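The values are calculated or read from the model by the stated rules, or taken from the named source; none is laboratory data. Just so we're clear, the structure is a prediction, and the values are computed from it rather than from any experiment. Reconstructed Cβ throughout: ideal geometry from the backbone, glycine too, with neighbour counts over all protein chains shown. Heads up: the accessible areas ignore ligands, DNA and RNA and are worked out on the full protein's heavy atoms, side chains in. Shrake-Rupley method; radii C 1.70, N 1.55, O 1.52, S 1.80 Å.
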Amino acid sequence: MEDWVEDAATQLDRLTGSSMAGAVPGRVRIVSITEPRGRLRYQEAHLEVSAEVPGREPELRRTEVVLDRRYWPSAGMVLPADIAPSGALEIRWDVLAR
């Protein structure tokens, strides 16, 4: 993405009060995750992750998501994520399906 587009997106996030304002690329390490129950394809997962951004200490965060049972992650996995100073995370779950 061109720099000016990225700058505009960042400014828009700040102006709209987005929880992802100021987010930077990083990664999350899954510390714990609930096991899927039953046979339903999409299920809620409760996770504890270590959010890791270069130059900062890792931070433990809890989150809940709905995942496809076929691509259920396990503790210890590392996934790319955008991590905001507000504590918000956007984990790139799509890498599990590759």
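Could you check V78 against (1) among the β-branched types (V, I, T); (2) over 15 Å from P25 (Cα atoms); (3) out of contact with any helix residue (DSSP H, G or I) (no Cβ under 9 Å at 6 or more places or on another chain) and say which number it fails?
All conditions pass for V78, except number (2).
Filter region 23-42 for residues that are touching a helix residue (DSSP H, G or I) at 6+ places or on another chain (Cβ under 9 Å), surrounded by 12 or more Cβ atoms within 10 Å (Cβ to Cβ) and not aliphatic (A, V, I, L, M) and give the result.
P36
Considering only residues that are open to solvent by 40 Å² or more (accessible area, probe 1.4 Å) and over 15 Å from the mean Cα position of the chain (by Cα), look in region 59-75 and name the one that is nearest to L89 (Cα to Cα).
Once the filter is applied, the top-ranked residue is Y71.
Please verify whether region 6-22 includes one or more residues that are open to solvent by 30 Å² or more (accessible area, probe 1.4 Å), modelled with pLDDT of 90 or more and not charged (D, E, K, R).
Scanning region 6-22, I find no residue that is open to solvent by 30 Å² or more (accessible area, probe 1.4 Å), modelled with pLDDT of 90 or more and not charged (D, E, K, R), so the answer is no.
In region 43-58, which residues are exposed (fewer than 13 other Cβ atoms within 10 Å of the Cβ) and either acidic (D, E) or touching a Cys at 6+ places or on another chain (Cβ under 8 Å) (or both)?
If the condition is that a residue be exposed (fewer than 13 other Cβ atoms within 10 Å of the Cβ) and either acidic (D, E) or touching a Cys at 6+ places or on another chain (Cβ under 8 Å) (or both), then E44, E57 are the ones that fit.
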